[in-house]
Amino acid sequence: TPAVEFRDVTFSYDADRPALRQVSFTAPRHTHVALVGPSGAGKSTLFALLARFYDADEGQILLDGIDITRQMSIDECRSKMSLVEQTAPVMHGTLRDNITYACPEATDEQIQRVVELASLNGLVRRLPEGLDTAVGEHGDMLSGGERQRIAIARALLPQPSLLLLDEPTSQLDAANEEALTRAIAQISRECTLLVIAHRASTIRAADTVIALDNGRVTDTGTPEEITARR
Ligand code: ADP
Ligand code: ADP
């Protein structure tokens, strides 16, 4: 049973133009799937349907073989996944507070695990008081790439079986570029990873690439196959 399966999913925000048209694909468990395509292709809409911000007009979405609309509550569906948006907020408080926001009872061991997975060790070492540094009031001490990896650590703490990651479109510096590449490689060993991919290295590292355009799946294959046909 695949971790995620879309079967002929169609969805429109408004009557005239569907944002997704008969979209079908599967993501086997513990694979890294990259969604690619131009702006407006339907990539974020696909995430919004998975997280049940909206329900499909037609077709089915299955998580581990279970229909998310007909056989699951919204809470049950969301408990299986974490969503990391492109620009992730950093809140007031310490780095630790920011990571444990949704799981305040997390142990040091669990925190250290997600710090490593999200490739935040360098940041923790650089901050004057490590995990106990107040980053909320000094949001500008963090780069956009670090903020997103903090959001990734926060998202991984409840051990979701599926991580939905909207990769930053903005340019990352070399250190952040490398850290995100490493984080993605590590995460895809632990859970199923669906990434809206903008960076070439994320596309290259994927097990499967799904190309979307104008709401339709236009191609599916390995990174090599997709690139050769592009
Ligand atoms: P350009 O520099 O011509 O704008 P990019 O390589 O930046 O092209 O890619 C633009 C968009 O196309 C990206 O957002 C990405 O989602 C998508 N994309 C990148 N590589 C591929 C690929 N191999 N196959 C399909 N789509 C891709
Ligand atoms: P992508 O993430 O690939 O850039 P989106 O899923 O955001 O694409 O958008 C797919 C289509 O749906 C686009 O035509 C976009 O204008 C439209 N769309 C996205 N969000 C909304 C919304 N909240 N209301 C109406 N139309 C929307």
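Here are some notes:
- Some residue of segment 166-183 being within 27 Å of ASP64 (Cα to Cα), part of a loop (DSSP other than H, G, I, E, B) and within 15 Å of ligand 1 (Cβ to nearest atom): yes
Here's the yes/no breakdown for (1) open to solvent by less than 40 Å² (accessible area, probe 1.4 Å); (2) within 16 Å of ligand 2 (Cβ to nearest atom); (3) in contact with a helix residue (DSSP H, G or I) (Cβ under 6 Å, 6 or more places away or on another chain); (4) polar (S, T, N, Q):
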residue	(1), (2), (3), (4)
ALA153	yes, no, yes, no
SER161	no, no, no, yes
THR181	no, no, yes, yes
PRO223	yes, no, yes, no
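- Matching residues, segment 4-56, being open to solvent by less than 10 Å² (accessible area, probe 1.4 Å), more than 15 Å from ligand 2 (Cβ to nearest atom) and either among the small types (Gly, Ala, Ser) or closer than 20 Å to SER73 by Cα (or both): VAL4, ALA27
- Within segment 160-189, residues that are basic (Lys, Arg) have Cβ atoms under 8 Å from residues that are surrounded by fewer than 21 Cβ atoms within 10 Å (Cβ to Cβ) in these pairs: ARG189/HIS30, counting only partners at least 6 apart in sequence or on another chain.
- Those residues of segment 20-43 which are away from ligand 1 (no atom under 16 Å from the Cβ) and either more than 20 Å from the chain's Cα centre (by Cα) or assigned to a loop (DSSP other than H, G, I, E, B) (or both), in sequence order: ARG21, GLN22, PRO28, ARG29, HIS30, THR31
- Taken together, the criteria exclude THR169 from residues that are under 28 Å from THR220 (Cβ atoms), of a type in the set (Val, Ile, Thr), touching a helix residue (DSSP H, G or I) at 6+ places or on another chain (Cβ under 6 Å) and open to solvent by 10 Å² or more (accessible area, probe 1.4 Å).
- Filter pass, ALA102 being assigned to a loop (DSSP other than H, G, I, E, B), open to solvent by 60 Å² or more (accessible area, probe 1.4 Å), closer than 25 Å to ALA27 by Cβ and among the hydrophobic types (A, V, I, L, M, F, W, C): yes
- For LEU46, the stated conditions do not hold, so it cannot be described as in a strand (DSSP E or B) and either touching a Leu at 6+ places or on another chain (Cβ under 7 Å) or closer than 16 Å to MET81 by Cα (or both).
- Looking only at residues in segment 121-138 that are assigned to a loop (DSSP other than H, G, I, E, B) and free of Cβ contacts under 8 Å to residues at least 40 places away in the same chain, the one that is surrounded by the most Cβ atoms within 10 Å (Cβ to Cβ) is LEU127.
- Any hit, segment 195-216, residues being open to solvent by 50 Å² or more (accessible area, probe 1.4 Å), polar (S, T, N, Q), without any contact (Cβ under 8 Å) to a residue 60 or more places away in the chain and not in a helix (DSSP H, G or I): no
The values are calculated or read from the model by the stated rules, or taken from the named source; none is laboratory data. None of these values were measured; they are calculated from a predicted model. Note that each Cβ is placed from the backbone with ideal geometry, even for glycine, and that neighbours are counted across all protein chains shown. Surface accessibility is based on the protein's heavy atoms, side chains included, excluding ligands, DNA and RNA. Shrake-Rupley method; radii C 1.70, N 1.55, O 1.52, S 1.80 Å.
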